[in-house]
Every structure is written in structure tokens, then in C-alpha cells.
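Presented below is the structure to which this report refers.
Each reported figure results from applying straightforward, stated rules to the coordinates on display, with no laboratory input. As the structure is a prediction and not an experimental result, all values here were calculated from the model. As a convention, Cβ positions derive from the backbone with ideal geometry for all residues, glycine included, and neighbour counts pool all protein chains shown.
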Amino acid sequence: MSKKPPKRQHVYNRINAYRFLKKLSAIQTPQEQFYYLRGLDAFVFEEMILTCLKRRGFNIIRNDGYTNDGGIDGRAYYKDQHYLIQAKRYSGHIKAGDIDEFAKICKRRKGRGLFVHTGKTGAKAKENAKSKGVEVVSGVRLLDLLLSADPKDQNSKPIKLTRIANAVFIAPDPVRDQTSN
């Protein structure tokens with residue numbers, strides 16, 4: 001069985017994702033960068049996340065469509081781990097209920113969750129995500145993911161993430177791992 005070619009809208013959104021990632025890197029302040037991200041088309045934002053994960057060595061599985069996706073915006077595989085991705089463009093705080101729903105989907109589909117968003121993550125949502133095994137990527141971590149250089153570039157700075165996210169986003173560095181204990 002051969003793989004179906006991507007739909008025209010998917011191709012258009014992927015092209016725009018590359019264009020907008022380049023434009024994002026030219027914006028000077030984090031405040032302006034988040035304003036820019038929140039104004040993007042939701043599907044282009046999803047493609048930006050998937051594109052950046054692919055650049056970091058993930059095998060990406062894109063959905064056939066953007067709607068009726070069962071709450072999953074994409075899937076990624078890295079070192080025999082299966083990740084489910086939810087991308088949201090929020091301007092306010094994320095709700096603990098959104099994390100709950102996503103965690104249920106991850107459990108049902110037997111994948112680890114990456115909840116990527118442009119909003120704010122309050123203490124209750126952080127605690128909820130941690131207890132449910134969902135990794136939240138927002139704020140500085142989101143900008144690091146979107147703006148970081150090629151991970152193979154020795155001069156690129158490592159992304160400061162939790163241990164679970166380090167396993168996801170960057171290759172292990174024995175020297176750094178020993179110093180972080």
C-alpha cells in the first residue's frame with residue numbers, strides 16, 4: 001500500500017510554517033514573538049511544531065486532516081518512544097481540564113503527551129500535567145524549540161527543559177547530565 005500524497009492545504013501550511021519560522025526568528029522580543037504566534041493560523045502553528053520536532057530528529061506522522069483529529073495534532077517517534085502532540089494558540093491560561101482530556105487520549109492511545117501552547121501555564125495546570133505524565137511546552141521552552149539552531153550544530157545552546165523533555169528534544173549529553181544531578 002503506497003502512502004497518500006499530502007493534501008494541497010497541508011503542503012501550503014508546511015511552506016508557510018517554514019516561512020513563518022524564519023520571520024519569527026527576526027522578531028526582537030519574546031512579547032512580540034508570542035503576539036505573532038497567537039495571530040497565526042492554527043494549522044500553520046501545528047505545522048511549525050511538527051517541523052521543529054522533525055528538525056530535531058523525530059519521525060513525524062501527520063494527520064490526514066486538521067479537523068476531526070481526535071484531539072491529536074500529530075504524532076512523533078523518537079528512540080522507540082511514541083509521542084502524541086497537542087498544539088494550542090492560547091492568549092490566557094490553559095485549563096487543567098484541557099490537560100485532563102489530552103491525558104485521557106494519550107492513555108487510550110498509549111503515547112506520551114506533548115502539550116504545546118502559546119498561553120500561560122498556571123500552578124494547577126502544571127501540577128495536573130505532571131501528575132498525568134503530560135509534558136507542557138510553553139513560554140521560553142516553546143521559543144527555544146521554535147528558534148533553536150540545528151541540534152547537530154555544536155555551537156547551539158541546549159534547551160533548558162525537564163529531564164523528560166530533555167529526552168524528547170535533545171540528544172543526551174553525558175557531561176551535561178552528570179553536572180545537572
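See the values below:
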read-out: Nearest-0.05 FRET efficiency for residue 63 and residue 95, computed from C-beta distance (R0 22 Å); value: 0.45
read-out: Vicinal HN-Hα couplings computed from phi for segment 38-46 (Karplus, 6.51 cos²θ - 1.76 cosθ + 1.60; Hz; Gly/Pro x); value: 5, x, 6, 4, 4, 6, 5, 4, 4
read-out: Under 5 Å, built H, 5+ apart or other chain: amide partners of residue 90; value: 118, 119
read-out: Of 22/54; 54/120; 104/130; 7/104; 22/88; 79/126, those spanning more than 22 Å from alpha-carbon to alpha-carbon; value: 54/120; 7/104; 79/126
read-out: Built amide H within the under 5 Å cut-off of residue 112, gap 5+; value: 82, 83, 84
read-out: Angstrom value of the Kirkwood radius, inverse mean 1/r, which spans all Cα pairs in segment 58-139; value: 12.8 Å
